[in-house]
């Protein structure tokens, strides 16, 4: 993986898992323009690397992401030596269009912009003491951009209550609202994340990529538009070597050997 000289994130590759650690400990990993830009670079690198099968996004210390780094937002520039790749909206779009599953490891509070990262990830696992919310209205702001990713997961009235009243949800409430896949004791958080990334690594990478790409393409479309599109995507999937291998392995009652082609 390329060395990028990041300042607001840390990255590492262990096996097939690319971990991105939000690193702004003085501000509980608050997200600003520099972190956004570095996340865009890191995601692009992860998608270019054939060895990467899944991406884990988490925060340093006891917080996932406390929200927006207002100090950096109002200072101008992004503080990064890297060429600009985009803003927070571009980051959410990139995350929701990922072709490699992103697992949010919610190790503590995820507020505002941090909650947007959780909602834009493919999966999210939190420990039971984590708190998630949209407190922007309490400082005269509104969670405008994260509304788009939250609306895809949270029922309408629950979401409006969160946004209009600055509601914070416990991890259990966030699970019930559709923001999380699982809630586990803190001591089991890594084990649960590892189990998910291990299962991802056991599947065909080309099938996962095609499936996520198709899911994004059909999202929000009516049936008359979505089904012909998905029929084409199924044909594309059936034409892969991995599909042929998977079907043959099933008939021969043996584990498949994926090539990613």
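Just so it is clear, none of the values below were taken in a lab; they were calculated from the coordinates. Every value quoted in this text rests on a predicted model; they were computed, and no experiment measured them. Because the Cβ atoms are built from the backbone with ideal geometry, glycine has one as well, and the counts that use them run over all protein chains shown.
Using only Cα atoms, tell me the angle between helix 33-48 and the longest principal axis of the chain; keep it within 0 to 90° and round to the nearest 10.
The two axes meet at around 10 degrees.
Report the residues of region 237-256 in range of a label on residue 217: point 7 Å along Cα→C-beta, backbone N strictly under 13 Å from it.
Only 237-239 fall inside the zone, counting backbone N under 13 Å.
Can you tell me how much longer the chain between residue 128 and residue 186 gets when fully stretched, taken as 0.36 nm per residue apart minus their C-alpha distance, in nm with one decimal?
Values: separation 58, 0.36 × 58 = 20.88 nm, distance 0.66 nm.
So the extension gain works out to 20.2 nm.
Find the eigenvalues of the gyration tensor of the Cα atoms of region 205-251, then list the square roots of 5 times those eigenvalues as equivalent ellipsoid semi-axes, largest first, in whole angstrom. Spell out each step's value before the answer.
On the way: eigenvalues 110, 24, 10 Å².
Each semi-axis is √(5λ); the values are 23, 11, 7 Å.
For a quick protection proxy, order the peptides 159-165, 174-180 by their average other-Cβ count within 10 Å, most packed first. Numbers along the way, then the final one.
On the way: 159-165: 17.1, 174-180: 20.3.
Top of the packing list down: 174-180, 159-165.
How much of the DSSP beta bridge set in the chain is antiparallel, as a percent to the nearest 5? Show your work: numbers first, answer last.
Values: 9 of 30 bridges.
Beta bridges within the chain, antiparallel portion: roughly 30 percent.
Rounded, prolate or oblate: which fits region 118-241 when a ≥ b ≥ c are the square roots of the eigenvalues of the alpha-carbon gyration tensor, with rounded for a/c under 1.5 and prolate only if a/b beats b/c?
Oblate shape, in that a/c is at least 1.5 and b/c is the bigger or equal ratio.
Pull out the extension gain between residue 203 and residue 168, defined as 0.36 nm times the separation in residues minus the alpha carbon to alpha carbon distance; nm, one decimal.
On the way: separation 35, 0.36 × 35 = 12.60 nm, distance 3.59 nm.
Result for the pair: 9.0 nm of gain on full extension.
From Cα coordinates alone, what are the radius of gyration and Dmax values for the chain in angstrom?
19.0, 63
If you wrap a convex hull around the C-alpha atoms of region 1-52 and split its volume per residue, what is the figure in Å³?
Numbers: hull volume 3.5 nm³, N = 52.
Given the Cα convex hull of region 1-52, per-residue volume reads 67 Å³.
How far is helix 156-165 tilted off the main Cα axis of the chain, in degrees rounded to 10, range 0 to 90?
Here the helix axis deviates by roughly 30 degrees.
What ranking do 23, 14 get, fewest neighbouring Cβ atoms within 10 angstrom at the top?
Numbers: 23 17, 14 10.
Taking fewest neighbouring Cβ atoms as first place, the list is 14, 23.
At a 10 angstrom cut-off on C-beta neighbours, averaged per residue, how do the peptides 37-44, 249-256 rank from highest to lowest?
Working: 37-44: 22.0, 249-256: 10.2.
Highest to lowest by the protection proxy: 37-44, 249-256.
Between residue 259 and residue 161, what is the FRET efficiency for a Förster distance of 30 Å, r being their Cβ-Cβ separation, to the nearest 0.05?
Working: r = 49 Å, r/R0 = 1.62.
That pair, residue 259 with residue 161, gives E of 0.05.
Gain in length, residue 238 to residue 151, computed as 0.36 nm per residue apart minus the alpha-carbon separation, to one decimal in nm?
Numbers: separation 87, 0.36 × 87 = 31.32 nm, distance 3.29 nm.
Gain in length upon complete extension: 28.0 nm.
For residue 10 and residue 224, what does the FRET efficiency come to when R0 = 51 Å and r is the distance between their Cβ atoms, rounded to the nearest 0.05? Intermediate values should be presented prior to the final figure.
Numbers: r = 46 Å, r/R0 = 0.91.
FRET efficiency, residue 10 to residue 224: 0.65.
When only Cα pairs under 8 Å and 6 or more residues apart are kept, what is the percent relative contact order across region 82-155?
Working: 85 pairs, mean separation 22.2, N = 74.
The normalised contact order for region 82-155 reaches 30 percent.
Taking the 0 to 90 degree range and rounding to the nearest ten, how far is the long axis of helix 241-251 tilted relative to the main principal axis of the chain, both from C-alpha atoms?
So the inclination is approximately 60 degrees.
Write down the percent of antiparallel bridges among all DSSP beta bridges whose residues are both part of region 1-111, to the nearest 5. Write down the numbers at each step before the final one.
Values: 6 of 18 bridges.
Among the beta bridges of region 1-111, antiparallel pairing accounts for roughly 35 percent.
At q = 0.17, 0.19, 0.21 Å⁻¹, what log₁₀ I(q)/I(0) does region 4-132 have when each alpha carbon counts as one equal point scatterer in the Debye sum?
Debye curve over Cα of region 4-132, log10 I(q)/I(0) at q = 0.17, 0.19, 0.21 Å⁻¹: -0.80, -1.02, -1.27.
How do 170, 197 rank when sorted from fewest to most other Cβ atoms within 10 Å of their own Cβ?
Listed from fewest to most nearby Cβ atoms, that is 170, 197.
Could I have the simple spin-label model distance between residue 231 and residue 1, label points 7 Å from Cα toward Cβ, reported in nm to one decimal?
4.2 nm
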